[in-house]
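Read-outs: derived from the displayed coordinates by stated rules, not from any lab. Given the structure is predicted, the values throughout are model-derived calculations rather than measurements. All Cβ positions, even for glycine, are placed from backbone atoms using ideal geometry, and neighbour counts span all protein chains on display.
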Amino acid sequence: MNRTRYRCLVASRVETTPRGVTLLAEVAQAPDIPALRLTVQDYQLAQLFDGARDASARLQAAQAQGLPTSLLALESLAADLTEHGLLQSGTHESLPPPPHFDDEFAAMGWVAGQAPAALMAHGNALPPSSLPGSRITPGLTGGLTGLVMARRGQPNALAHPLDPALFAGLGRWLIWPLKSRAHLLGFVALLIATFVLVYNHRYEWLRMSVGLFGSYQMLLTALLGAALVNVLSMSARAAAVARYTPEKPRIGIVFSSFLSVPHLFVDTAGAAERGDRATRLRIVASGLLGSAVAAMLAALTWFWLFKTHPALAKLCVGLNIVTLISLIMRLNPLTRYDGYFLLSQLLDTPDLREQAMGALSIFRQEVMNGLRPSKYRSGRPWFIRARVMPYKGLVFYGFLVVAFIGFLLWLLLWQVGGWVADHFRGTGFLILVSAMGAFMATQYSRSTVERNPLGHVKKPWRPSRMYFIVAAIVIGVGLIPYPYDASGSFQILPRNRADVSALVAGDVREVLVKEGDTVEAGQVLARLDDAAQRARVASSRAELARLASETAIVRQGARAEEIEVARSRVQTARATLQTAEQSARRLAAAYKGKSVSSQEYERAQGAAEIARQQLTEAQQQLALVASPAQQERLDSLDAERERIEAELGFAEEELANTQIKAPIHGRVVSAELQFARGRYLARGDLIATIEDREQVLADIRIPEAVIGDVQLDAAAKLKPWAFPYSSFKGQVVHIAPAADDDTYGKVIRVQVVINDPEDKLRSGMTGNAKVDAGWSLTGIVFTRAIMRFVLVELWSWIP
């Protein structure tokens, strides 16, 4: 049978009945393939599959005939015709994807992996369809570089076509490495030389790149770099299409399906995808080549400008970073981008990912059902025929794709979602999940085919009775009372805590307790070296004794013997002074004549001065002894005594402080005492910490958004990280009067008394706690974050 350009109806017999029209395939004489019964209107639509009309032309013809239909309805009809062997694929239009479920193939007559006898007799032992671009029934993928439009199943269309002459002219300067292997090797050598050039000046490059972060230049260079990569890549691709195919390149502006971001796109459908393997590889690689040229030009421009124009050089560094990141992301063969399309064309397998997912599905069934690979794969002949790669290679690639998708989900949910939840809590996470759901719904709705490659049938959504039942259940559950708890992180605090420090400096001579011991207030914990303190106490006491004796002498007056001794001391001092002065005068004369040294002269002068001072003291002592008692003298001695008594009291206090005592009753909770013996402590050095554990407190940090529901005496439950299977009950005893700053907003400290009869909790332990905030409706409890956002944030937006 000759192949038509588009899908063609190939019914061998048509029977008209009062109920409609019955179509039989060319093998309908066998009972394996059932006939298809259509209404008259559906049969009229089926006749539009004449091999000369594409999807748009069929839709226009149906509308011209007054037949109500749509592209979705026509594709669904095509799936039914295909399943009954009534539709043949065209050279430019493949059939809908085949069913992949066992029950679907059983309904078509496939038993134990064997095709129906009618199909075998007809020479078509494969299911009637294939994925686009498969090897069973060759079909076109709609372009070498993927589908960019809002819906799959439709040919690529440019929202705003542009004249390709300018872009192709620019691209011709970018694709010169594709002329031959020698040109490609020369380009690689140029890239290596550029890398070496940047590496030799890497410190300047790194310094400028670090300067970009955190500034407006970062956003500017990112946007400019993305635009530069897009323009150069698409220009290179347009030039490749113009050089290596007979068609004129089609270039224009398209909008991405999710965020509608405008960008240039080159349509590679048609002659480009029908070219030989070398042509397809050149066209796909041209886009990557444009990005590589952009990165190289940015690096060379930076090297040219970084000494003379640092501002422009910093911009070039930003462009270099953006183009390199873009190139690395586009080279990833696990996403549907240039790297994947390059790999699929290199392997000459346009539907590589579909085949890999199919092989991975077979592998999963083999593992789950314990079947031998050969036995189970024989039941999936459409995969065997479609596959041009080894089975193990397809499974390996499928594993890599699934692992990469899992990594992206982890990165999005755990990292990005965690950051959003920490900063915006439930509201932010709900927005993130909603955005992901919208993206998935957008991707699902992009297919105009009623049946997806896994065999599921897409039907227009209409609310059914089950939806109303589910909605009623959800509303009913939302009206059920539910206990609401305000949650936050906590830290265990002691009832009382005291730091024990050294009040005097000294070496630790003795340690009397250890960590974990219970001590009483005033109990000695350690002793310091007290030799210096004892000496000061003894000295002060001796001074007091001397003053007491001198005061008594002053009060009673001196005896005649004492006066005579004082006079004798005066005479002796006077004689000593005369001798010292004579010696000093003699040495002074000799010193002028340089007969003695300066040391001897100074020594004589010093001796004369000392003798003079001793005479003065002896005369004062004589006057004191000989004079009667005076009240001023007594007052002076009393003041001196009070000073010495104060010094004695201070010395005795320091002596007592050499014994380090516990200020409160409690338990020693620090390890400083373990190795304190022999250590020198300065005044104020910490030596121990004591906590009173008769009552355990927890400090809960409640977000300010929910503190309004927390009241004094409210019940609380705490779960420390150390005891995840235990819950400790408590009661709110204090709510802080002011909010504190936290990492992600304001919090209010709430203190709770904890019941810990087994003494499990330790000071400093952390975990999460919930404080009873009363009862509310389930719907309100689980939507509080959204309602708060609406009532507070959105309210502030209203002028």
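Taking H placed 1.01 Å from N in the peptide plane, check which residues at least 5 places from ILE175 or on another chain put their amide H under 5 Å from its amide H.
When sequence neighbours closer than 5 places are left aside, there are no close amide H contacts.
With θ taken as phi - 60° and the coefficients 6.51, -1.76 and 1.60, list the Karplus ³J(HN,Hα) couplings across the stretch 296-310 in order, rounded to whole Hz; mark glycine and proline as x.
3J(HN,Hα) across the stretch 296-310, in whole Hz: 5, 5, 5, 5, 5, 5, 4, 5, 6, 10, 5, 8, 9, 10, x.
5 Å is the cut-off here: which amide hydrogens, built 1.01 Å from N in the peptide plane, fall below it relative to LYS746, excluding neighbours closer than 5 in sequence?
GLU704
Just grab the label-to-label distance for PHE255 and LEU190, each label 7 Å out from Cα along the Cβ direction, in nm (one decimal).
3.8
Below 14 Å, Cα to Cα, which aspartates and glutamates can LYS760 reach? Residues fewer than 8 away in the same chain don't count.
Straight-line reach from LYS760, under 14 Å: GLU694.
In sequence order, what are the phi-derived ³J(HN,Hα) couplings for the stretch 401-415 according to the Karplus relation 6.51 cos²θ - 1.76 cosθ + 1.60 with θ = phi - 60°, rounded to whole Hz, with x for glycine and proline?
Once rounded to whole Hz, the list reads 5, 5, 5, 5, 5, x, 5, 5, 5, 4, 4, 6, 7, 7, 7.
Run the numbers for ALA165 and ARG643: contour at 0.36 nm per residue of separation, minus the present Cα-Cα distance, in nm.
Gain on stretching ALA165 to ARG643: 161.4 nm.
Amide H neighbours of SER501 under 5 Å, counting only residues 5+ apart in sequence or on other chains, H built in-plane at 1.01 Å?
ILE687
Find how much the distance from ARG586 to ASP54 grows on full extension, using 0.36 nm per residue of separation minus their present alpha carbon separation; answer in nm with one decimal. Please list the in-between numbers first.
Details: separation 532, 0.36 × 532 = 191.52 nm, distance 13.93 nm.
So the chain would gain 177.6 nm between ARG586 and ASP54.
Tell me which lysines have Cα within less than 23 Å of LYS746's Cα, excluding those fewer than 8 residues away on the same chain?
Straight-line reach from LYS746, under 23 Å: LYS717, LYS719, LYS770.
Aspartates and glutamates within cross-link reach of LYS307: Cα-Cα under 18 Å, excluding same-chain residues under 8 positions apart?
Cross-link targets: GLU204.
Among 323-335, 516-528, how do they line up from the highest to the lowest mean number of other beta-carbon atoms within 10 Å?
Packing proxy ranking, top to bottom: 323-335, 516-528.
Using 7 Å Cα-to-Cβ label points, what is the GLU561/ALA722 separation (nm, one decimal)?
Result: 7.9 nm between the two label points.
In percent, what relative contact order does the stretch 705-799 have, based on Cα pairs under 8 Å that are 6 or more apart in sequence?
29
I'd like the per residue volume of the convex hull spanned by the Cα atoms of the stretch 7-96, given in cubic angstrom.
91
So what J values fall out for the stretch 767-777 if you push phi through Karplus, 6.51 cos²θ - 1.76 cosθ + 1.60 with θ = phi - 60°, rounded to Hz, Gly and Pro as x?
Listing the rounded values in order: x, 10, 9, 10, 10, 4, 10, x, 9, 8, 6 Hz.
How much length would be gained if the chain were fully extended between HIS665 and ALA739, taking 0.36 nm per residue of separation minus their Cα-Cα distance, in nm to one decimal?
Extending this stretch completely gives an extra 23.4 nm.
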